[in-house]
Amino acid sequence: MALALAAVFYASWLLGPVLNPAFGLLDGYASELAARDQPHHVVFGLGDLATGVIASATGVALAWRARGWLRRAWWALFAFGVATALDGTVSAMDCAPTIDARCAKLEELGALSWRHEWHSFSSSTAIAAGVVSLLALLVARRGGTRIRWGLLVAALLLVGTVGSTAEVAHPDAALGAWQRVQLLGLSGWLLFAAAVVVRPDPAGATAGWSGRARSGRRA
């Protein structure tokens, strides 16, 4: 249930149009809602912090008692949690460049704080860790009963990530839309991970869990 709660906190960007009307549901980067000069930025920062704390703590707890691909998935979950917690706190953006021309110019000149500059790194790390964790879970649960759900989440995350990457290279009005698809994919991954934890597949698809069970029986 903890990871399901993390998925809800991670979707705090859905409150954007209500708390910060300068952003529509699909406008700009979702992380700009937590920029230090934006109204109610604390709400969005706390959403990332809560997600990060839950994900990192859960990842460590699960990794210690898993093996194989599941262990890799949970350590990647831990990395995602740490990076996401930093996103909403230490490396939160100074301002919102997609709606503030002055901010965009300062960003271009490299005149903003190191926290703003580090935001791209922490965000990229979080996304990469989420992708790695999801792929590891899919390998661990190959042949499992929920693999179709996992593959659907993976497709959603892949489309959002490819679209967001293309938009960074050639930005246009669709930037926010692609990133929101990516964020939905990450929330879906957290829910999929929660399902793996709550009901491990008994058919042996999760090598980490089954391997541990066998070693326990030998003991």
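With runs of 4+ DSSP H residues as the only contributors, calculate the mean residue ellipticity of the chain at 222 nm using -39,500 (n - 2.57) per run, divided by the residue total and rounded to the nearest 500. Intermediate values should be presented prior to the final figure.
On the way: 9 runs with 151 residues, N = 219.
Roughly -23000 deg cm²/dmol at 222 nm, from the helical runs in the chain.
With a 1.4 Å probe and all protein chains left in place, how much of the accessible area of region 10-78 comes from carbon and sulfur atoms, in whole percent? Please report the intermediate quantities before stating the final value.
Working: 2170 of 3100 Å².
The value for region 10-78 is 70 percent carbon and sulfur by accessible area.
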Problem - Relative pair counts by distance (%), Cα atoms of region 115-161, 10 Å bins - result: 26, 43, 21, 9, 1
Handout entry: Three principal axis lengths of region 25-146 [C-alpha, angstrom, descending]
Key = 52, 26, 22
Exercise for the section: First select every other residue whose beta carbon is under 11 angstrom from the beta carbon of Ala63; then total the charges, Lys and Arg +1, Asp and Glu -1. Expected result: +4
Handout entry: Rg and Dmax of region 79-183, Cα atoms only, in Å
Key = 16.2, 53
Fill in the blank from the handout: In whole percent, the Cα-Cα distances of the chain spread across 10 Å bins from 0 upward as 9, 33, 33, 16, 7, 2, 0
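The values are calculated or read from the model by the stated rules, or taken from the named source; none is laboratory data. Computed from a predicted structure; not experimentally measured. Neighbour counts run over all protein chains shown; Cβ positions are idealised from the backbone, glycine included. Quick note on the areas: whole protein, heavy atoms, side chains included, nothing else; ligands and nucleic acids left out. Shrake-Rupley method; radii C 1.70, N 1.55, O 1.52, S 1.80 Å.
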